[in-house]
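Trainee: Quick one: the structure is below, and I'll ask about it shortly.
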Amino acid sequence: KNGLEALELLRDKSIVQRPYLILLDLKMPIMGGIDFLQNIRKDENLKNTFIFVLTTSSAFEDLVAAYNENIAG
């Protein structure tokens, strides 16, 4: 439902197990996609996660920020 809930689920190894692929929307409530990406990349257990961004945003800044967080596409 939101980025914060997604992080909690990913950090609970009993719920989600690797390998996995994340399809991420940049426009999420509570914690947006860019903040979510930054948190994932700082987490030693999650930083190598494959993440593809799907978004309705046409803002060039959003795309640059996402690619700066090493998204897969």
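Read-outs throughout are calculated quantities, based only on the coordinates presented, and are distinct from any laboratory measurement. Just so it is clear, the structure is predicted and the values come from calculations on it, not from any experiment. Here Cβ is always computed from backbone atoms with ideal geometry, including for glycine, and neighbour counts include all displayed protein chains.
Trainee: With each run of n ≥ 4 DSSP H residues scored as -39500 (n - 2.57), what mean residue ellipticity at 222 nm is computed for the chain after dividing by its residue count and rounding to the nearest 500 deg cm²/dmol?
Mentor: Working: 3 runs with 28 residues, N = 73.
My calculation for the chain gives -11000 deg cm²/dmol from helical runs alone.
Trainee: Now a separate question. Here are a few candidate values for mean projected area of the Cα convex hull in nm²: [x] 4.5; [y] 7.6; [z] 8.3. Which one was actually calculated from the structure I just gave you?
Mentor: Matching the structure shown: [x].
Trainee: Under the 0.36 nm per residue contour assumption, what length would be gained going from the current alpha-carbon distance of Asn48 and Asn68 to full extension?
Mentor: Value of the extension gain: 5.8 nm.
Trainee: With θ set to phi - 60°, apply the Karplus curve 6.51 cos²θ - 1.76 cosθ + 1.60 along the range 5-13 and write out the HN-Hα couplings as whole Hz, x wherever there is a Gly or Pro.
Mentor: Each residue's phi maps through the Karplus curve to give 5, 4, 4, 4, 5, 5, 7, 8, 5 Hz.
Trainee: Go ahead and set up a Gaussian network model of the chain, Cα springs under 10 Å, then flag whichever of Asp25, Asp35, Asp43 fluctuates most.
Mentor: Fluctuation is largest for Asp43.
Trainee: Each residue of the range 31-39 in order: what ³J(HN,Hα) in whole Hz does its phi give by Karplus 6.51 cos²θ - 1.76 cosθ + 1.60, θ = phi - 60°, with x for Gly and Pro?
Mentor: So the J values, rounded to whole Hz, are 10, x, x, 5, 4, 4, 4, 4, 5.
Trainee: Let's see if you can work this out: charge +1 on each Lys and Arg Cβ, -1 on each Asp and Glu Cβ, no other charges. What is the dipole magnitude of the chain about its Cα centre, in debye to the nearest 20?
Mentor: 220
Trainee: Given R₀ = 35 Å, FRET efficiency for Thr55-Gln17 by Cβ-Cβ distance, to 0.05? Working shown, then result.
Mentor: Values: r = 27 Å, r/R0 = 0.76.
In this case the efficiency is close to 0.85.
Trainee: Met31's amide H: which non-local residues (gap 5+, or another chain) put their own amide H closer than 5 Å, with H modeled 1.01 Å from N in plane and none for Pro or chain starts?
Mentor: Counting only residues 5 or more places away or on other chains, the set is Gly3, Leu4.
Trainee: Show the residues, 5+ positions off or on another chain, whose built amide H is closer than 5 Å to the amide H of Leu26.
Mentor: HN-HN under 5 Å from Leu26: Leu54, Thr56.
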